[in-house]
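For reference, the structure discussed in these notes is given below.
The values are calculated or read from the model by the stated rules, or taken from the named source; none is laboratory data. Remember, it's a predicted structure, so these values are computed and weren't measured experimentally. Here the Cβ is made from the backbone with ideal geometry for all residues, glycine too, and neighbour counts use every protein chain on show.
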Amino acid sequence: MKYVLAAVTVLAVTLGLAGVVYGEADDSPGLQLLGALLVVGAVGYGVRLARRGG
């Protein structure tokens, strides 16, 4: 189960980074904000998951 949650976290970070990059190319500040929030939330969740030990 720990590996599934880690994979979902990596997927969320990847999607967030893609949103930031696409928002930059499209000049869309809202998409950049949502992508950045997704990255920050996923990293925070991943850190919390790692500290708790799974």
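Can you name the residue in the range 23-36 that is small (Gly, Ala, Ser) and surrounded by fewer than 13 Cβ atoms within 10 Å (Cβ to Cβ) and is also farthest from Arg48 (Cα to Cα) among such residues?
Ala25
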Item to check | Selected residue [loosely packed, with under 14 Cβ neighbours inside 10 Å, among the hydrophobic types (A, V, I, L, M, F, W, C) and out of contact with any strand residue (DSSP E or B) (no Cβ under 8 Å at 6 or more places or on another chain)] from Val39, Val20, Val10, Val43 | outcome: Val10
Checklist entry - Given the conditions (1) modelled with pLDDT under 90; (2) in a helix (DSSP H, G or I), which single one is not true for Gly54? => result (2)
Checklist outcome for this item: Pairing a residue in the range 1-22 that is at negative phi with any residue that is exposed (fewer than 12 other Cβ atoms within 10 Å of the Cβ) and modelled with pLDDT under 95, where Cβ atoms lie under 6 Å and the two sit 6 or more apart in sequence or on different chains, gives Lys2/Gly54
